[in-house]
1. Restricted to region 232-254, and to residues that are surrounded by fewer than 20 Cβ atoms within 10 Å (Cβ to Cβ) and free of Cβ contacts under 8 Å to residues at least 60 places away in the same chain, which residue is nearest to residue 166 (Cα to Cα)?
2. Go through region 219-287 and tell me which helices (runs of 4 or more DSSP H), entirely inside it, have 2 or more residues that are modelled with pLDDT under 95 and under 27 Å from residue 44 (Cβ atoms).
3. Answer yes or no as to whether residue 106 is at pLDDT below 95, in contact with a strand residue (DSSP E or B) (Cβ under 8 Å, 6 or more places away or on another chain) and either within 30 Å of residue 218 (Cα to Cα) or surrounded by fewer than 19 Cβ atoms within 10 Å (Cβ to Cβ) (or both).
4. Within region 205-216, identify whether any single residue is over 23 Å from the mean Cα position of the chain (by Cα), surrounded by fewer than 16 Cβ atoms within 10 Å (Cβ to Cβ), modelled with pLDDT of 95 or more and in a helix (DSSP H, G or I), and answer yes or no.
5. I'd like to know if region 164-177 contains one or more residues that are outside any helix (DSSP H, G or I), in contact (Cβ under 8 Å) with a residue 60 or more places away in the chain and over 22 Å from residue 141 (Cβ atoms).
6. Does region 66-80 contain any residue that is more than 22 Å from residue 167 (Cα to Cα) and either modelled with pLDDT of 95 or more or not in a helix (DSSP H, G or I) (or both)?
7. Would you be able to tell me the number of residues in region 94-107 that are in contact (Cβ under 8 Å) with a residue 24 or more places away in the chain, part of a helix (DSSP H, G or I) and over 30 Å from residue 211 (Cα atoms)?
8. So which residues in region 337-353 are surrounded by fewer than 14 Cβ atoms within 10 Å (Cβ to Cβ) and touching a helix residue (DSSP H, G or I) at 6+ places or on another chain (Cβ under 7 Å), if there are any at all?
């Protein structure tokens, strides 16, 4: 486990340094937009997605140095989705700090003397634009793998895959997530939720692994056995990861998470936790759960009530069992791939899904 932690720390340092030294954001104007573009990529975080790029590359005997720009590209790409996500979800915190739209809002109020409504509009507007610029930055970084010896034709293939397959699947997953909030929960099934997770979370993990493998192999072959095994790993890892996120969003520590507890209930999102509960609650229990939705703020008593309902209904246990089953499927997919230290890193990452607190 210490070797895994050291390696993940190494990835974080490499990608953090690469992003920090990248001159791309310096050309962005006005300066407030440039600062917003740098914001999330510079905060650090778990750096799991760039780790998937690098470990998949080394899994197949590739050169990590060739894959670092692709790993940074995946991290930057992930961050633009977070910037937009925080606006959509009205989340004011990200990694324990103000969300991008909040930071820019406060800048507009304090430095530009904007009225509260104007400042809020300015904050959201520039945050949307920051996400757009970050997407362009990610594309530019991915294309730059050609500068490190990757065949330019392969670099172009990866860029095309990012801007077609990944873009379409990820945004479609996010759109389904947003749409679910408008539907009656009875109209949303657990397979619907798992399909949404596969797009919103699984697509970028799959692409990260495929990028690393393609750079190592010199070819992007999504239908080959190795790539298919990586896809199976990604789908199951992503689902375990997201379900654990949902669990932590209710049962976690807000100070550790760096974001509000029970925000999914505030938005009435039909997560697997929620759907499993309503399938097993009687009318009185369902009424109790409904009374906990869309509250303007959640007190300790409100959080305790939600936790009790999810526990008593068996929902929490069902989701924990699902996380364990998905993790087992992810590990099984790895057994079809080369047995080396990088496969061990990927397998240890699966184990971490079961015990992580952030």
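The values are calculated or read from the model by the stated rules, or taken from the named source; none is laboratory data. Just so it is clear, the structure is predicted and the values come from calculations on it, not from any experiment. So basically every Cβ, Gly included, is an ideal-geometry build from the backbone, and we count neighbours across all protein chains shown.
1. In this case the residue turns out to be 245.
2. Here the list reads 225-251, 254-257, 263-266.
3. No; evaluated as a whole, the condition is false for this residue.
4. No, region 205-216 contains no residue that is over 23 Å from the mean Cα position of the chain (by Cα), surrounded by fewer than 16 Cβ atoms within 10 Å (Cβ to Cβ), modelled with pLDDT of 95 or more and in a helix (DSSP H, G or I).
5. Taking every residue of region 164-177 in turn, none turns out to be outside any helix (DSSP H, G or I), in contact (Cβ under 8 Å) with a residue 60 or more places away in the chain and over 22 Å from residue 141 (Cβ atoms).
6. Yes: region 66-80 contains one or more residues that are more than 22 Å from residue 167 (Cα to Cα) and either modelled with pLDDT of 95 or more or not in a helix (DSSP H, G or I) (or both).
7. So the answer is 4.
8. Result: 338, 340.
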